[in-house]
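Inspection log for the structure reproduced underneath, given as structure tokens.
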Amino acid sequence: MKFRKENHSLMWKHQYETVCITPWGQNALRIRATKFPNFTSQDWALEEPVPDTSPDVSIELNCGENTQNPDASIVNASITNGRLCIKVDAAGIMTFYHDGQRILKEYHRDYDQPSCRQSRCLRIRGRAYKAIIGGDYEMKLRFESTDGEKIYGMGQYQQSYLDLKGCTLELAQRNSQTSIPFAVSSLGYGFLWNHPGVGNVVFGRNYTEWEAKAAK
């Protein structure tokens, strides 16, 4: 795992995946991830200009005893923009903090996780890619679930639930529904799934899962 700071962005590569975290206006961060050589040039729902901020990007390196082999190093990194901070561990797992309080963490159960109280033999990854013949990937993004959290937003669906916790939603436009993939949490944060393709989201009690049927 190798982190680097590039134009106020935090970037790293791990197991053929490239991840970039960029400040996006006040108290917000944009995350992009791909297994292609380059990120897509499309901004999708983020085309409007945002105020320029000067984030505090800090990278902490702990090489342990094996200083001769960078690949064996334990590397942690964090990026802060206003009241929002993302910390990344040696496996590339992201944890989100708002004013120092943890609000979100990727759901990851695999052997590359440095510290995990749950069983790793499930081999469930926070960011999972499945190659599609023709070049794209089916992608899933998973987060830990927080007891008592309420989820709102996401557009208009044919259902009576205001709190979406426990709901499964199709990310697609139909005559009977309008999908706007922006969720607002009772913990004080908003999350935009900035992908225009068809997919699903499950706000489960055990974990949250966002899915894109085809992504780059």
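One residue is enough: does segment 31-48 have a residue meeting the conditions at pLDDT below 95, of a type in the set (A, V, I, L, M) and either closer than 27 Å to D136 by Cα or surrounded by fewer than 18 Cβ atoms within 10 Å (Cβ to Cβ) (or both)?
no
Scan segment 162-178 and tell me whether some residue there is modelled with pLDDT of 95 or more, over 17 Å from R32 (Cα atoms), within 15 Å of the chain's Cα centre (by Cα) and not acidic (D, E).
no
Suppose we keep only residues that are of a type outside the set (D, E, K, R) and exposed (fewer than 12 other Cβ atoms within 10 Å of the Cβ) within segment 162-189. Which one would you say is nearest to L46 (Cα to Cα)?
Pass one, segment 162-189, residues of a type outside the set (D, E, K, R): 162, 164, 166-169, 171-173, 175-189.
Now drop any that are not exposed (fewer than 12 other Cβ atoms within 10 Å of the Cβ), which leaves 162, 168, 175-176, 178, 188.
Working: L162: 26, T168: 25, N175: 25, S176: 26, T178: 19, G188: 21 Å.
If we take residues in segment 162-189 being of a type outside the set (D, E, K, R) and exposed (fewer than 12 other Cβ atoms within 10 Å of the Cβ), then T178 is nearest to L46 (Cα to Cα).
Name the residues in segment 23-55 that are among the polar types (S, T, N, Q) and either over 18 Å from G82 (Cβ atoms) or touching a Leu at 6+ places or on another chain (Cβ under 7 Å) (or both), would you? I'd like the intermediate steps shown before the answer.
Just the residues of segment 23-55 that are among the polar types (S, T, N, Q), to begin with: 26-27, 34, 38, 40-42, 53-54.
N27, T34, N38, T40, S41, Q42, listed by residue number.
Would you call D147 in the same structural domain as F39 (by TED's automatic domain parsing) and among the charged types (D, E, K, R)? Show your work before the answer.
Numbers: in the same structural domain as F39 (by TED's automatic domain parsing): no; among the charged types (D, E, K, R): yes.
When the stated conditions are applied, D147 does not pass them.
The values are calculated or read from the model by the stated rules, or taken from the named source; none is laboratory data. Predicted model, so just to flag it, every value in this text is computed and none were measured. All Cβ positions, glycine included, derive from the backbone under ideal geometry; neighbour counts span all protein chains shown.
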